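The values are calculated or read from the model by the stated rules, or taken from the named source; none is laboratory data. Just so it is clear, the model here is predicted, and its values are computed rather than measured. Positions of Cβ are generated from backbone atoms using ideal geometry, with glycine treated the same way; all protein chains shown enter the neighbour counts.
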Amino acid sequence: MDVIRVDAHSPDATVIARAAELLRAGKLVAFPTETVYGLGANALDPAAIERIFVAKGRPSYNPLIVHVANADGARAVAAEWPEHADLLAAAFWPGPLTIVVPKRPEVPDSVTAGLGSVAVRVPSHPVALALIAAAGVPVAAPSANRSMMLSPTSAQHVATSLDGAVDLILDAGATTVGIESTVVDLTAEKPRLLRPGMITATQIERVVGPIVAVTSVTGEEARPSPGMLDRHYSPRARLVLVDAKDVADVVRRERAQGANVEALVVASRDHGSPMPRDAADYAACLYERLHALDHAGVDVVVVEQVPDTAEWAGIRDRLERAAQR
Ligand code: TXA
Ligand code: MG
């Protein structure tokens, strides 16, 4: 497995050409996006897609996001491109928004887990855009981690999680958004929010009108997005999500049981390591902090609950999923 360092803003064309060549040859290339690192393969090559599922230990019912260079690239994999897709693409692409639309038959069933729809996104990271353009094919890429684990926000996280299972890692340093893209489904009558993220429901509603939130952490009903498993995005350590007023007590109780405990706090600053008060800054460092605590051998991470607002919805969702046992 090769790790090649590239400049995040103007990646070396020779390195990009080599990575693109690997993708066209059916290999797996991990690359940075603005959200998290992705594990890329040629979306039109079923054998390469199979390698993604094997490398991640990902269940075959969980479909992949197809990354394209622009809205035309998205139309090329979509059987229909509704008006709402045009509006969302114009407002948020390139950027951390994934749009689910009906798929064309050329997209292998393995990419979409047999669904009639495909998830597409134009990332804004210059390395991702350069790679997709050079490859000349749509690039299927889930987050570049073992299934159910924390997503990688650095090349080091990818190397640790997928050791040996990836042909090349493009290392452009830390990602900036820090949590996975917002996912909006446009295949039903009203747009549906399948996964909250740093592009908020409020921002999306300004563009397409009311959207239905269908994210549920624990419900028994069939999941509209097959990847919405209850537990997900988890560090190795046990994550406990508590109100600010309870942080000190919970930390004390866990320590009394002999656990190596760390707390990530915003308001209760005397009782743990401070996290940013701004949602974008918080998201940007959350996974890095959790990866570092795992690396340090912490057993329990007590996390102070974050605000219940649209701005924080993506972060709250990831914390709630990580806290599921
Ligand atoms: O920010 C991101 O979205 C990152 C970077 C690499 O782009 N990717 C990412 O991929 O988070 P992944 O595979 O970890 O999450 C993809 C999500 C899953 O929840 C999956 O179920 C959903 O997208 N998804 C994919 N295709 C879908 C479809 N056709 N219908 C509904 N949900 C879909
Ligand atoms: Mg993932």
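Assuming residue 152 fulfils every condition listed in (1) in a helix (DSSP H, G or I); (2) within 16 Å of ligand 2 (Cβ to nearest atom) apart from one, which condition is it?
(1)
Which ones in the stretch 160-181 are hydrophobic (A, V, I, L, M, F, W, C), more than 9 Å from ligand 1 (Cβ to nearest atom) and closer than 22 Å to residue 9 by Cα?
From the stretch 160-181, those hydrophobic (A, V, I, L, M, F, W, C) are 162, 165-166, 168-170, 172, 174, 177, 179; that's our starting set.
The next check asks that each one be more than 9 Å from ligand 1 (Cβ to nearest atom); those that pass are 162, 165-166, 168-170, 172, 174.
Across the stretch 160-181, the qualifying residues are 168, 169, 170, 172, 174.
Restricting attention to the stretch 101-119, which residues are more than 13 Å from the chain's Cα centre (by Cα), within 16 Å of ligand 2 (Cβ to nearest atom) and not in a helix (DSSP H, G or I)?
Result: 113, single match.
Which members of the stretch 120-136 meet the condition of being touching an Asp or Glu at 6+ places or on another chain (Cβ under 9 Å), surrounded by fewer than 21 Cβ atoms within 10 Å (Cβ to Cβ) and not in a helix (DSSP H, G or I)? Full working, then the answer.
Here is the first cut: in the stretch 120-136, the residues touching an Asp or Glu at 6+ places or on another chain (Cβ under 9 Å) are 123-128, 134-135.
This time we only want the ones that are surrounded by fewer than 21 Cβ atoms within 10 Å (Cβ to Cβ), so: 124, 126, 134.
Hit for the stretch 120-136 is 124, nothing else.
Quick one: how many residues across the stretch 142-154 are surrounded by 24 or more Cβ atoms within 10 Å (Cβ to Cβ) and either among the aliphatic types (A, V, I, L, M) or more than 10 Å from ligand 1 (Cβ to nearest atom) (or both)?
Summing the residues that are surrounded by 24 or more Cβ atoms within 10 Å (Cβ to Cβ) and either among the aliphatic types (A, V, I, L, M) or more than 10 Å from ligand 1 (Cβ to nearest atom) (or both) in the stretch 142-154 gives 3.
Which of (1) at pLDDT 95 or above; (2) assigned to a loop (DSSP other than H, G, I, E, B); (3) farther than 19 Å from residue 311 by Cβ; (4) touching a helix residue (DSSP H, G or I) at 6+ places or on another chain (Cβ under 8 Å) does residue 236 not meet, given it meets every other one?
So the condition that residue 236 fails would be (1).
Against the condition assigned by TED's automatic domain parsing to the domain that holds residue 69, touching a residue at least 24 places away in the same chain (Cβ under 8 Å), among the hydrophobic types (A, V, I, L, M, F, W, C) and surrounded by 24 or more Cβ atoms within 10 Å (Cβ to Cβ), how does residue 158 come out, does it pass? Can you show your working first?
On the way: assigned by TED's automatic domain parsing to the domain that holds residue 69: yes; touching a residue at least 24 places away in the same chain (Cβ under 8 Å): yes; among the hydrophobic types (A, V, I, L, M, F, W, C): yes; surrounded by 24 or more Cβ atoms within 10 Å (Cβ to Cβ): yes.
So residue 158 passes the test.
Answer yes or no: is there a residue in the stretch 201-210 that is at pLDDT 60 or above, over 30 Å from residue 298 (Cα atoms), of a type in the set (S, T, N, Q) and more than 15 Å from ligand 1 (Cβ to nearest atom).
yes
Filter the stretch 40-69 for residues that are away from ligand 2 (no atom under 13 Å from the Cβ) and either more than 19 Å from the chain's Cα centre (by Cα) or over 19 Å from residue 128 (Cβ atoms) (or both) and give the result.
The first filter runs over the stretch 40-69 and keeps only residues away from ligand 2 (no atom under 13 Å from the Cβ), leaving 40-51, 54, 60-61, 66-69.
Result: 44, 45, 46, 47, 48, 50, 51, 54, 60, 61.
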